[in-house]
Every structure is written in structure tokens, then in C-alpha cells.
Amino acid sequence: MNEKRDFYKRVAGLVIPMALQNLMNVAVQSADVVMLGRVGEKALSAASLGGQVNFILSLFLFGLTSGASVLCAQYWGKKDLKSIEVITGLCLRLSLLIGLGVTLLTLAFPGGIMRILTSDGQVLELGVEYLRAVCVSYVLMTFTSVYLNIMRSMERVVVSTVIYAASLVINIIVNALLIFGIGPFPELGVVGAAVGTVIARLAECAMVLVHNQWKNGLIYFGPKLLVVKNQLLSRDFLKISGPVIINEVLWGIGMSATAAILGQLGSEAASANAIVQVVRQLSTVVSFGIASATAITVGKAIGEGKKELAKEYGGRFIKIIAVSGSVGSMIVLAVRPVVMAVMELTPTAKGYLSVMMFLMAAYVWLQAFNTLMVVGVFRGGGDTRFGLVLEVIGLWGFSVFLGSIAAFVLELSVPLVAAVILLDEYVKFPLIVHRYRTYKWLQDVTR
């Protein structure tokens, strides 16, 4: 009984800060949606579609740092800090290179990127302005993400909560001042939202540097990490991180593809989808925090040589996520009438939004469970390849492929296309349950 009480106490200490971090990230997006929704449907659609570049980059970073965290959590169980430093250096080097590449690509081809996402001329023009202003934040985001995720893998989760909380306040204040032109500040609309993002990312980097200098105390985090080399650990890192990176990037591109499918059906469909996606993220902040806590807890137990305990932890987390996912579904239904009343949308867009909210209520429970298993249990156990297979089958084989056919071949209505796009989690569910029962995910990947 004492062991279980200690377990749930440790889990709460991990989940609560990480859920708050997720909530703050969603709060920034929610604030953007509300503010730009007041500006107009075109502005909201432009920022939402332009934000897909940031979304894909953030998922690449999540994949890269998640792969690193699989190794770091298990090495943390062994108290091998030197190996964690080497893995951190590899992760930081790759992240900065990718962030710089995406920044340069966005600066060079903002129009080409927006043409993929929308056929609306005004939305395209506003989206180009947004991308040119916001792309400066991409490199800043890579630096912050690596540091905070490595800290989380070593059970230091409060630092990222504090930093993201400060960033949230800065972002919302600057957005309000520049989107609407309050006081002496210019009214910049969509560009104001982009500038707010850049300033918030600069603040995050500054706070990370301060924390590293005065509060880190665990590992070295500095320029020397960019040139650190270890052939064996590099091989392990690529072996574990490679499938996770591909998985997350495929997921990100797939989600952007589904957003583009709806975006090609008009700004009304795009704006309704943008709102629904924010509600989805809001309803799953706790569930995603539980998934991250699961990966750390299971990985650490395996690193300590306690595989049977890791197996027991997996079962306990499944019970936790069943409750959290149900609460998430109820949140979607509860906020639906509020969202419908607050947002300034055309009657057609509101009709789309109404149906899509009901569809999302069922979807979030499945997404919570599937995320716990793939991102939490399987990755924490060292099994990173199975999630990649799932993404190809579920998201690309069903959501993207069948969604495209539904939209452009069968020319179904927007709500029906949205329903087809949400099929992926239903397909993944039985495959995940079977994989869990085999216990093939239980692997020690350290040296």
C-alpha cells in the first residue's frame, strides 16, 4: 500500500507540472484564436494555416527530444550523467541545424508554403506576412525545447512550468497590444500575433540561460556539447530517436495535410477546424502530461533493472488514462456552447463547428489512450518503432488518404470529410492493445 501511495505521489509530482505546461501552450493558441477571431475569419485562417510550419517543427523537436528522453530516462535510472550529457549534445546539434534550415526555407518560400495550405487569395497574402515575421522564433524554440525536455527526463519538471508560465503572460500581453493596436502600439493584426510569438521565444531562451547558469547543477549544458562525440551512444541515439523523429514528423505532416484538406474546402472550414483543434488540445493537456510522466517513470524503472515493476507501472497508468480521457471528452462537450457563442463566425462556419465538436468529443478519449501507450508506455520501454508503423497505417492510410478521396473525389460535405479524417485513432486502438499484451515493448536500451 505504501509503495502504491508513493507511486501516485511521484506521478502527481510529474503530471501536474507537465499538464500545466501543456495547458499554457494551449492557452497561447487559444488566446491567438480568440483575438484573431475578433479581427476576422481571414486573419484567423491565415495564422492557423501559417502556424502549421511551427507545428511540424515542434513535432520534429518533440520526436527528437522524446527519443533522447527514452535514453536519458533509462540512464537517469542508472545515475549515468556523462551519457546524458553526450545525448544532450547530439540532440542539441541536430535541433539547431533543423531549426535554422526551416527558418531559411520559410523566409525563402513563404508563398509556396501557403499555396499548399490554402486556395483563398486573401488568406494566402495574410499567411505570407505571418510566416515572414514568425519564422525568427524557430531557432529559438529548438534551443529551449532541448534543454527543458532533457531536464524533464531527469524528473526536473518544475523549471519548464515556470518558464512557460512567464512566456505565456508575455505572449498574451504583446499579442493584445500589437493585434489590436492598444495605446501607442501599432495595430498589426496577424503580424502582431507573430511578433508576440518571437518576443515570447526570446524570453524563454533568456530564462533557460539563467536557469542553466544558476540552478542546473546536474549536467553541463554549453557550447562544448555541440562538438561532443561518442560513436556508440550516437548509434544508440539514432537507433532510438530515428523512428520517433520519423513518427512525429509523419504525424505532424499528416495533421497539416488534414488541415490543408479542410483549408482547400474554404476559409469557413479552415477556421472551424482551427477552433476545434485548440479545444482538442485543451481537453488533452492532462492526458498528454500523463503520457510524458509514463515515459519517464517506466524508463527509469527499466534503467534501475526493475522490468517487472515497469510492467506494473504500465498497467497503473492505463487505469489513470481511462479516467483522464473520459474527463477530456466531457470538457469538449461542456465548452461547445461557450465556443459557439463567443466566436465571430459566419453561420456556415458555425454549422461546421457544431458538428466537428461532437465528433471531437469521441475522438479525444481514443487519442488520450493511444498517446499514453505509444508515447508513454512503449517509448519509455524502449520500443520506438511500433509507433512509426501505426502512423503509416492509421494517419496516412486512413485520415489523409481517405480524407482526400472524401473531399476531392467524392466531394462529401465538410462535416463528413472531418469525420473521415478522424478515423485514425479508431484504427490504432486494437493494434495498440495487442502490442501491449505481448510485452515486446519492455526493452533496456542502455549500455
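The values are calculated or read from the model by the stated rules, or taken from the named source; none is laboratory data. For clarity, every value in this text was computed on a predicted model and none was experimentally measured. Heads up, the Cβs are rebuilt from the backbone with ideal geometry, glycines too, and the neighbour counts pull from every protein chain shown. With ligands, DNA and RNA removed, areas are computed over all heavy atoms of the protein, side chains included. Shrake-Rupley method; radii C 1.70, N 1.55, O 1.52, S 1.80 Å.
Hey, among the residues in the stretch 210-242 that are touching a Phe, Trp or Tyr at 6+ places or on another chain (Cβ under 9 Å) and part of a helix (DSSP H, G or I), which one's surrounded by the most Cβ atoms within 10 Å (Cβ to Cβ)?
For the stretch 210-242, the residue satisfying everything is 211.
Count, please, the residues in the stretch 173-206 that happen to be part of a helix (DSSP H, G or I) and open to solvent by 50 Å² or more (accessible area, probe 1.4 Å).
5
With the condition kept exactly as written, say whether any residue in the stretch 49-66 is within 20 Å of residue 216 (Cβ to Cβ) and among the small types (Gly, Ala, Ser).
no
Considering every residue within the stretch 420-443, establish whether at least one is among the hydroxyl-bearing types (Ser, Thr, Tyr), modelled with pLDDT of 90 or more and open to solvent by less than 10 Å² (accessible area, probe 1.4 Å).
Looking through the stretch 420-443, none of the residues is among the hydroxyl-bearing types (Ser, Thr, Tyr), modelled with pLDDT of 90 or more and open to solvent by less than 10 Å² (accessible area, probe 1.4 Å).
Being open to solvent by 10 Å² or more (accessible area, probe 1.4 Å), touching a Phe, Trp or Tyr at 6+ places or on another chain (Cβ under 8 Å) and among the small types (Gly, Ala, Ser) narrows it down to one residue among 47, 108; which is it? Full working, then the answer.
On the way: 108 fails: touching a Phe, Trp or Tyr at 6+ places or on another chain (Cβ under 8 Å).
When all the criteria are applied, what remains is 47.
Looking at the stretch 137-159, which of its residues are outside any helix (DSSP H, G or I) and either modelled with pLDDT of 90 or more or open to solvent by less than 10 Å² (accessible area, probe 1.4 Å) (or both)?
Once the filter is applied, which keeps residues that are outside any helix (DSSP H, G or I) and either modelled with pLDDT of 90 or more or open to solvent by less than 10 Å² (accessible area, probe 1.4 Å) (or both), the stretch 137-159 yields 154, 157.
Check 194, 274, 257 and return the single one that is hydrophobic (A, V, I, L, M, F, W, C) and more than 18 Å from the chain's Cα centre (by Cα).
On the way: 274 fails: more than 18 Å from the chain's Cα centre (by Cα); 257 fails: more than 18 Å from the chain's Cα centre (by Cα).
None of the other options fit; the residue is 194.
Restricting attention to the stretch 114-136, report how many residues are in a loop (DSSP other than H, G, I, E, B) and either free of Cβ contacts under 8 Å to residues at least 60 places away in the same chain or open to solvent by 20 Å² or more (accessible area, probe 1.4 Å) (or both).
The qualifying residues number 3.
For (1) among the basic types (Lys, Arg); (2) out of contact with any Ser or Thr (no Cβ under 8 Å at 6 or more places or on another chain); (3) crowded, with 21+ Cβ neighbours inside 10 Å; (4) not in a helix (DSSP H, G or I), each residue gets a yes or a no:
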{"position": "10", "(1), (2), (3), (4)": "yes, no, no, no"}
{"position": "19", "(1), (2), (3), (4)": "no, yes, yes, no"}
{"position": "51", "(1), (2), (3), (4)": "no, yes, yes, no"}
{"position": "56", "(1), (2), (3), (4)": "no, no, no, no"}
{"position": "64", "(1), (2), (3), (4)": "no, no, yes, no"}
{"position": "112", "(1), (2), (3), (4)": "no, yes, no, no"}
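Among the numbered criteria (1) in contact with a helix residue (DSSP H, G or I) (Cβ under 7 Å, 6 or more places away or on another chain); (2) open to solvent by 30 Å² or more (accessible area, probe 1.4 Å); (3) outside any helix (DSSP H, G or I); (4) farther than 25 Å from residue 269 by Cα, which single criterion is violated by residue 386?
Single failed check for residue 386: (3).
May I ask you to list the residues in the stretch 241-287 that are over 29 Å from residue 345 (Cα atoms) and small (Gly, Ala, Ser)?
The answer is 241, 242, 287.
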